[in-house]
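Asker: Below are the structure tokens for one structure; questions will follow.
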Amino acid sequence: MGKNLLKLSDLSTDEIVSIIDRAEMFCQGTDIPNFSDKIACNMFFEPSTRTQYSFNVAELRLGMRVVSFNPGASSLNKNESIYDTVKTFDSFGPDAIVIRHTQNEYYNELLGHINAALLNGGDGTGNHPTQSLLDLMTIKQEFGSFKGLKCVIAGDISHSRVAHTNYEVMRRLGMEVVTAGPDEFLEKTLDREDFDRAVETSDIVMMLRVQHERHAETMNMTVEQYHKAYGLTVEREKRMKDRAIIMHPAPVNRDVELADCLMECPRSRIFKQMSNGVFIRMAALERAVK
């Protein structure tokens, strides 16, 4: 059995930095292994573009053979459980299984029953380890280290597995992390700060998508009101620190979380995050199957 990657809180900071360093080597095109004898299975029970297809590209870059699960054409429609569905694919003998599911910590019922290495592509509102790793890689490329940096994570905190994972790991790496946004989107257990103050004093401004599909209630403001109060407007971007960067896990609601013209402005690292996602997932897959 290979090494699972389920949540970053399971990993030491040394292990986290080691994965990032390995991804950086892949980014430079050096020492890429050939896993042509390995099979990866991607099981996305929830819609995904960046995570699903960057895992796919990472697997192909490593020479792996890839099986992609289609939930709409599966026995899920016959009320098969996630356990039995994953156990079925594991019975086919893949070396690694990448899973995204709407259920928080879906993997707990699978542990000890699956032979393949499990890689978490996102669980509910809980964890998104490879997204956090690619975020950290992007930050390290920009600033060289983590200690002493300040990051504001702004927006739909309560529904964001990205926020939950990043908040924990960034603090362990010596960063100051604050959250900002409407009261109904925030969590009492996480440090919060006035959004405008946070934008002006942070090295990293990380905006989060308003996840309408996860809300039980309708948002209490229009998208225009949200953008004015809690979006990264052009005016707010001008008040950011000189070397500060803009990040977003995407998909982005343009002119809601941030102004459309900021998506590819000189401060933006949004598409760089996506590029780094391939290399991080290569490193995670190597760790899983070598």
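Asker: Between GLU187 and LYS272, what is the FRET efficiency for a Förster distance of 30 Å, r being their Cβ-Cβ separation, to the nearest 0.05?
Answerer: Step by step, r from the Cβ atoms, then E = 0.60.
Asker: Same structure, new question: Just from its helices, what would the mean residue ellipticity at 222 nm be for the chain, if runs of 4 or more DSSP H residues each count -39500 (n - 2.57) and the sum is divided by every residue, rounded to the nearest 500 deg cm²/dmol?
Answerer: -11000 deg cm²/dmol
Asker: State, as an integer percentage, the relative contact order of the range 130-273 based on alpha-carbon contacts under 8 Å between residues 6 or more apart.
Answerer: Details: 234 pairs, mean separation 35.0, N = 144.
RCO, the range 130-273: 24 percent.
Asker: Post the alpha-carbon centroid distance, the range 255-279 to the range 1-23, in whole angstrom.
Answerer: 25
Asker: How many percent of the alpha carbon pairs in the range 130-273 exceed a separation of 21 Å?
Answerer: 35
Asker: Hey, what does the equivalent ellipsoid look like for the chain, semi-axes from the Cα gyration tensor as sqrt of 5 times each eigenvalue, largest first, whole Å?
Answerer: In descending order, the three semi-axes are 32, 22, 16 Å.
Asker: Determine ³J(HN,Hα), in whole Hz, for all residues of the range 41-46 in sequence, where each value follows from phi through the Karplus function 6.51 cos²θ - 1.76 cosθ + 1.60 and θ = phi - 60°; x replaces Gly and Pro.
Answerer: For the range 41-46, the Karplus-derived couplings read 10, 9, 10, 9, 7, 9 Hz, x marking Gly and Pro.
Asker: With a cut-off of 20 Å, note down the residues of the range 170-197 whose backbone N falls inside the zone around a label point 7 Å from the Cα of LYS3 toward its beta carbon.
Answerer: 170, 172-173, by backbone N distance to the label point.
Asker: Multiplying the sequence separation of SER75 and ASP194 by 0.36 nm and subtracting their Cα-Cα distance, what value in nm do you get?
Answerer: Values: separation 119, 0.36 × 119 = 42.84 nm, distance 4.79 nm.
Full extension of this stretch gives 38.1 nm more.
Asker: Also, quick follow-up: Restricting to DSSP loop positions (anything but H, G, I, E, B) with no more than 15 other Cβ atoms inside 10 Å of their own Cβ, which GluC sites (Glu not before Pro) remain in the range 56-111? Don't skip to the end; give the middle numbers.
Answerer: Working: sites: GLU59, GLU80, GLU105, GLU109; in loops: GLU80, GLU105.
Within the range 56-111, the qualifying GluC sites (Glu not before Pro) (loop, at most 15 other Cβ atoms within 10 Å) are GLU80, GLU105.
Asker: GNM on the chain, C-alpha springs below 10 Å: top fluctuator among ARG100, ARG239, ARG161?
Answerer: Checking each option, the largest mean-square fluctuation is seen for ARG239.
Asker: P(r) tail for the range 1-146, what percent of Cα pairs lie past 26 Å?
Answerer: Cα-Cα pairs of the range 1-146 separated by over 26 Å account for 25 percent.
Asker: How high is the relative contact order of the chain, in percent, counting Cα pairs under 8 Å that sit 6 or more residues apart?
Answerer: 23
Just so you know, all these numbers are worked out from the coordinates, no wet-lab data involved. This one's a predicted model, so the numbers in the text were calculated from it and none came from an experiment. In this analysis, Cβ positions are derived from the backbone assuming ideal geometry, glycine residues included, and neighbour counts consider all displayed protein chains.
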